[in-house]
C-alpha cells in the first residue's frame, strides 16, 4: 500500500494514481453490492477471464503509443489459437505447436506493419481490412468445427491454479507487464515510440529509424496476440474459428484508453493499462455478483470511460493553470521522457 | 461559396485535382469489379440483382454521409450502429402501438432520437474534450445498453406493424427501391452541403489543421458539434431504414453496423486524419464493398474463403489508393511550390 | 490516514453516484437474504433475445410453483467466452444450480467443471455443453427428428423435387450443425432422391447478413425451389426476402422460427409450415429438472423419471439427456394459438 500512497501524494495528477483510487472505489462499491466480493477466492480470481484481453491490450499499447492503431488484433489471436490447436491435433507436440502459433501471429502482425511502415497506408485502413481477412483465415483453417482436449500441462497456462486459488494466468499477466514495462519505459526502442508518437517528422529528422520501428510495433502487437491465444486456449480449453469475434476488440481498446494511453500517440504506460484492466475486472465482477443485467454492466463501463477522461481533463485543467505542461497533442516533445513512468511502478 | 482567406481554400485547386483523381480510382475499381463479375457470375448483371445491391447499400450510404462529416473534422463516430438500433426500436415501437401514426412521423422520431444522441457525442468531444474515438466507444456501449433498457427484452415483429409499412421496402418507384431513393436524396444533399455551404466547408478546414482553423476564427466547437449531430441524425434515419427493411426490430438491430459504415468511408478515400474526402467517393466506396460481397456470393465461393477475400480486397484497395495518392501528391508538389498544408503529417509541433 | 480515507471515501461516493445514476431503477440490487427453496441461475446465450425471454417466462412460472428463485442474466451478445464470468460469479454467490444454453459447448466446459467441483448442479438446456461438464441436458426434440422433419416439411411443399439451400446461423453453431448433419442423412432416403442441397449459407444470426445471404441465394440459384433456415433470425430474413421478391410460391421457406415473428408471413400465405417447440415449456421443464436434481429425486442415471409439473413425466435417456419438449409444426390454422 504505502508506495502507492506515496506515489499518489507526489503526483496526484498522474493517471495511474487516479486509476488506483478508482479501483479502490470500485472495490468499495462492489462490496456494497455483494457480500461475496471480498472473499479471497473471488479477489484472486476476478481478473482471470480478462487476462487474454490484457495481453492483447499490452501489445496494442506499443502501437498506440507510436501513434498508430491495430484493430486486427483479435483476428490475429483467433488465427494463432486455431493454428496451435490444428497443428497439435495433427500430432505435433503442443509446445512446438504453440511456438508455430506465435510465429504465425508475428507474421500476420508483420504484414500489417509492412503495409503501414513501408507503404505508408493508414493503419486504421489496413487493419480494418486484415480484421476481416485474418478472420477469414481462421475459418479457412478450422471451418465450422471446434478443437478441444488439449493437454493439461498446456492449458494450465491460461486455466490452471496454484493450490486451487491463485490463477497461473494472473502471474503470466504480471510477468508480461514487467517485461513489456521495461521494454517500453527503459529502453531506447521505447523512447523511439514516444518520439514517433509525438511528432513523426521530428523523430525522423533526429535520426530515428521510423520505418523500422513502425514495422516492429505491429510485429509486437501480433506476438502479444499470439501469447494471448495461448492463454485463451488454456482458459477456455478449446477454440473455434469465431473466437473473440464479438466485443472483445472493444474491451481491448477500452483497457488501453482507460489506461491513459493517448489515442493520438506519444504517451501512456503499461502500468496504466494493467490498472485499467483490473478496474474493469473489479467492476464487472462486482456487478455480476450482484446480478446486475449484462446491458447495465456495459453501460457502467462506458459511463466510467467518459467520466474518467472528463475527470482527468478537469484535473489537468486545474493543474495546468499552475503548471506549464499539458497533455495537449502538439505541445509534447521533450516532455515524453519526463512523463515516462519508471519501471519501479510496473510490479504492483 | 468560397470562403476567402482560410488556409484550406488557398490550396483548393490542388486539392480538388487530387480529389477528382481519387474518385476516378475508386470508380475504375468499381467498374473493373462489375465487368469481372458480369462475365464470371450468373445473374450478376440483372436488374433484380442490382435492385438488391441498391437496397443493401442504401442504409450504409445514408449513415456514411454523416460519418464522413465527422471524419472530415479529424474525429470519428463509432456509436452509429447503436444509435441506429435505438432509433429503430423507439420508432418501430411507437408505430406498433399507434398504428395511425403516419410513417413520416415515425421517420422523424427516429431522426430526432439520433439527433439527440449525436448532440451528446458532439458535446462530449467538443466541450468535454474527450477524444472522439473514446467518447463514441463509450456511447457505443451506453446507447446499446439503452436499447436493452428501452426494449426490456421486448421486440417489434412484422405482424405488429401496419401492412403499408411492411410493404415499403418492396416498393420500387421508377425501378429503384424506396430505400435507395432515400440514400440518393441524402447523398445529393450531403454532397451539395459539403461543396457549397460555408459552415460545412469549415469541416475541411478543421480537419486539415484545427489550430489554423481556430486562428482564422472558425467556430470549431460549434462545427464539431454540428458534424456529430448530423452523423447522429443520419444514423437515426438509418435506424428507420433498418426497420423498413426488416420490419423486425430487437436488441441486436444494427449491431456492428459501424464497421460497414467506416469501411465505406475509408474505402471511399476519406482521409482518416481529416481534411479530405467527398460524398461521391464514399458512395462509390460503399457500392464497391457491396458489389464485391454480392459478386463473391454469386460466384458461389466457399463461405470461409469469401470472408478472407473480402478482407483482402479491402487491404488491396486501400494500399493501391495510398500508393496512387502518394504519386499524385509527389507530382503536384514538384509542379507547384509546396504552399499547402502537408495533409498527411501531424501538424507541426 | 484520515486524509487518505477521506479521499477514498470521496472517490467512492463519486463512483457510486455515477453508477447509481446509470442503474437507477434498472437493476435488481444484490439480495443476500435467504429464501426458502433453491437458488437457480438461468444463463442464456444472450439476454434480450426473444427466444430466451420466452424460456425465462416458463422458468419463472416453474420457480413460482416450486418456491425456488430463478435469476436470469447473461451477456449482451452471443459469444461463448462471455458466458464464463457469469458462471464463475454464480458459483461464488452460492447458487445451487446453473441452467445454461451453451453458446460454445467446449469453451464453457472448464468453468462448468469448476462449478460442479464446488457442488453446484449444472443443467444444460437448448444447446448442450460438453457432456462431462454438466449433470443433465434438457434437450429440445430429438435432433435427428428435427433434421428429418425439416426436410419433410420442405419436400411436401415442393413435390419432393428440386434444388434447395440452407440458411443457417453461424458456421460454428452446435445445434444448427447437428440438424444440418441429419438433414443430409435424410436426403439419402429414396423419398428425397430428387431434392438437391446446393448451398449452405451462414447469416450469423444477424439481420443484415441473413437478408443479404438470402438475396444472394435467389440470385445465384435461379432454379432454387426452397430454403430451409433452422434458426429464427434466418427464417425471418428468408421469408422477408421471398415475400418482397414475390417469389413465395416459387421458393418455399421453412425451418425453425418463432411463431409471433412469423405470423404475418404465415397469414399472408407466404410461409406454409415451419417448426418450433414450445419455448415457454422448455424453460419450465429446465427449472423442473434442476429442482428434481437438487431435491435428490434425480441423480442423472439413465432410466430415471420424474414429474415435471404440469407437463407430466420426463425420463432421463442415454448420456443424461432429457427430451424436454416435443417437436411442433406451425401452420395457418395453429399459429394464433401459439402465444409466444
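By DSSP, the beta bridges lying fully in chain C are antiparallel in about 15 percent of cases. Distance between the C-alpha centres of region B:85-108 and region A:159-215: 50 Å, rounded to the whole angstrom. State whether region B:189-276 is rounded, prolate or oblate according to the following rule on the C-alpha gyration tensor (a ≥ b ≥ c being the square roots of its eigenvalues): a/c under 1.5 gives rounded; otherwise a/b larger than b/c gives prolate, and the remaining case gives oblate. Note, shape of region B:189-276 comes out prolate. Run the quick spin-label model on residue B:103 and residue B:323: label points 7 Å from Cα toward the beta carbon, then report their separation in nm to one decimal. Here the answer is 4.7 nm between the modelled labels. Applying Stokes-Einstein at 37 °C and 0.692 mPa s to the Kirkwood radius of region C:173-306, computed over alpha-carbon pairs, gives a translational diffusion coefficient of 194 µm² s⁻¹. Under a Gaussian network description of chain A, with springs only between Cα atoms under 10 Å, the residue in A:294, A:312, A:129 that fluctuates furthest is A:294. Ordered by the number of other Cβ atoms lying within 10 Å of each residue's own Cβ, fewest first, B:241, A:77 fall into the sequence B:241, A:77. The Cα-based radius of gyration and maximum Cα-Cα distance (Dmax) for region B:168-207 are 14.4, 41 Å. Between residue B:24 and residue B:40, the distance separating the two model label sites (each 7 Å from Cα on the Cα→Cβ line) works out to 2.7 nm.
Peptide A:264-273 has a mean shielding of 1, counted as Cβ atoms of other protein chains within 10 Å of each residue's Cβ. Where both bridge residues fall in the protein assembly as shown, DSSP classifies roughly 25% of the beta bridges as antiparallel. Kindly list the residues of region C:139-155 that lie in the label zone of residue C:184, defined by a backbone N under 18 Å from the point 7 Å along the Cα-to-C-beta vector. What the label zone holds, given the 18 Å backbone N cut-off, is C:143-152.
What is the mean number of Cβ atoms from other protein chains located within 10 Å of the Cβ atom of each residue in peptide C:219-225, rounded to a whole number?
Values: counts 12, 10, 4, 3, 0, 0, 0.
Across the residues of C:219-225, the mean count of other-chain Cβ atoms within 10 Å is 4.
Rank the residues B:69, B:106 as a footprinting-exposure proxy: fewest other Cβ atoms within 10 Å of their Cβ go first. Don't skip to the answer; put the middle values down first.
Values: B:69 29, B:106 22.
So the ranking, lowest neighbour count to highest, is B:106, B:69.
Taking chain C as a Gaussian network of alpha-carbon nodes connected by springs under 10 Å, the highest mean-square fluctuation of the residues C:41, C:137, C:328 belongs to C:328.
Counting pairs of alpha carbon atoms under 8 Å apart in space and at least six apart in sequence, what relative contact order in percent does chain B give?
Numbers: 555 pairs, mean separation 118.9, N = 349.
Normalised by residue count, the contact order of chain B is 34 percent.
Note on residue B:164/residue B:48: beta-carbon distance plugged into 1/(1 + (r/R0)^6) with R0 of 22 Å gives a FRET efficiency of 0.45. For chain A, a Gaussian network of Cα nodes joined below 10 Å ranks A:62, A:52, A:176 by mean-square fluctuation, and the top entry is A:176.
Taking every residue in B:143-155 and counting other chain Cβ atoms within 10 Å of its Cβ, the average works out to 6. Judged by the ratio a/c of the largest to the smallest principal axis of the C-alpha gyration tensor, the protein assembly as shown counts as oblate, that ratio being 1.5 or greater while a/b is no larger than b/c. A simple spin-label model places pseudo-atoms 7 Å from Cα toward Cβ; at residue B:189 and residue B:259 they are separated by 3.1 nm. Shown is the FRET efficiency for residue C:315 and residue B:127, computed with R0 = 60 Å from the Cβ-Cβ distance and rounded to the nearest 0.05: 0.40. At an R0 of 35 angstrom, the distance between the Cβ atoms of residue A:107 and residue A:162 translates into a FRET efficiency of 0.55. Between region C:153-174 and region B:247-271, the alpha-carbon centres lie 29 Å apart.
Give the shape of region C:199-269 as rounded, prolate or oblate, defined through the alpha-carbon gyration tensor: a ≥ b ≥ c are the square roots of its eigenvalues, a/c under 1.5 means rounded, and otherwise the shape is prolate if a/b is larger than b/c and oblate if not. Verdict is oblate for region C:199-269. Our helix-only sum for the protein assembly as shown, with -39,500 (n - 2.57) per DSSP H run of n ≥ 4 divided by its residues, gives a mean residue ellipticity at 222 nm of -20000 deg cm²/dmol. Counted by neighbouring Cβ atoms within 10 Å, the residues C:87, A:141 run from fewest to most as A:141, C:87.
Values in this text are rule-based calculations from the coordinates and carry no lab data. Not measured: the values here are computed from a predicted model. Glycine gets a Cβ as well: all are built from the backbone with ideal geometry, and neighbour counts include every protein chain shown.
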